[in-house]
1. Hand me the list of strands (runs of 3 or more DSSP E) wholly inside region 159-207 holding 3 or more residues that are over 24 Å from the mean Cα position of the chain (by Cα) and on the phi < 0 side of the Ramachandran plot.
2. If you take the residues of region 234-259 that are open to solvent by less than 40 Å² (accessible area, probe 1.4 Å) and in contact with a strand residue (DSSP E or B) (Cβ under 7 Å, 6 or more places away or on another chain), which of them is farthest from residue 169 (Cα to Cα)?
3. Looking at (1) free of Cβ contacts under 8 Å to residues at least 40 places away in the same chain; (2) at negative phi; (3) surrounded by fewer than 19 Cβ atoms within 10 Å (Cβ to Cβ), which one does residue 212 not meet, given that it meets all the others?
4. Please tell me if residue 166 is touching a residue at least 60 places away in the same chain (Cβ under 8 Å) and surrounded by 16 or more Cβ atoms within 10 Å (Cβ to Cβ).
5. Could you list all residues from region 54-93 that are among the basic types (Lys, Arg) and closer than 30 Å to residue 107 by Cα?
6. So the check is Cβ under 7 Å with 6+ separation or different chains; which pairs have a first residue in region 137-148 that's surrounded by 10 or more Cβ atoms within 10 Å (Cβ to Cβ) and a second one that's of a type outside the set (Gly, Ala, Ser) and assigned to a helix (DSSP H, G or I)?
Amino acid sequence: MTEDYILGNLDVASIALWLFFFFFVGLVVWIQRENQREGYPLVDEDGSPADAGGVFPLPEDKTFLLPHGRGSYTVPSGQTPERGDIDAKLVPTGQSGGFPYEPAGDPFADGVGPASWAPRRDEPELDGKGHPKIVPMSATEHFHVAAGRDPRGLPVVAADGAIVGKISDMWIDEPEQLVRYLEIELDAEYGQGSRLVPMTLARIKSNQVAIHSLFGKHFAGVPTVKASRQVTKLEEEKICAYYGGGKLYAEERRLESQL
């Protein structure tokens, strides 16, 4: 006896499988195009347009409304332009493509190589309530050192053994509840004034704070902050790049391979 099915001989399982297949392909295409919003359109080292590296075209512009009255942001066409001063500060080591570039001048001042930085917005990063995320501990009553060694007051020792100043404050990421920077009060011999050092590039010891990436002569050039109680994203970028660049450029022997 043959039963009557509502859908007759229609293969529902096959149709469901094909629907899933086309949905998944469409999802992959959509994700790949959305991935081309940040950092696109691409350009070659000489500034000419580069191949996007795929068969999918760039997505249409999408405008995001930023919170806390910070306007809007349109991608991919409305992104912050790349630094236009880089080409004059780097020289190729070979005539053909693929060879590395070397700094033409002072890599710390020029911000190239490991010391390079991106042109982020010159405004502080905000928390969910619209307040600056990173503030000095002296400006907030919500944090105190509960355990471990309080670095405030300890001398700061550079990679060459020079004592460049002392730690005067700690800068706290309030939402994340951790220390992002240590504030250094420099001695007059090494530049005077305050400088920030990323917490990850400082080693707090029992009697000193050691900074391996820079020598004493470099601390005067560490980028400063405009405000005493906040740091902008652009300032953070330049500060971290300066210390990171010292890992390679602080002394000539760091440029060579080491075992």
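1. 163-173
2. 243
3. (1)
4. no
5. First, pick out the residues of region 54-93 that are among the basic types (Lys, Arg): 62, 70, 83, 89.
If the condition is that a residue be among the basic types (Lys, Arg) and closer than 30 Å to residue 107 by Cα, then 83, 89 are the ones that fit.
6. If the second residue must be of a type outside the set (Gly, Ala, Ser) and assigned to a helix (DSSP H, G or I), the pairs left are 143/137.
The values are calculated or read from the model by the stated rules, or taken from the named source; none is laboratory data. Bear in mind that the values here come from a model prediction, so they are computed numbers and not experimental data. Glycine gets a Cβ as well: all are built from the backbone with ideal geometry, and neighbour counts include every protein chain shown. With ligands, DNA and RNA removed, areas are computed over all heavy atoms of the protein, side chains included. Shrake-Rupley method; radii C 1.70, N 1.55, O 1.52, S 1.80 Å.
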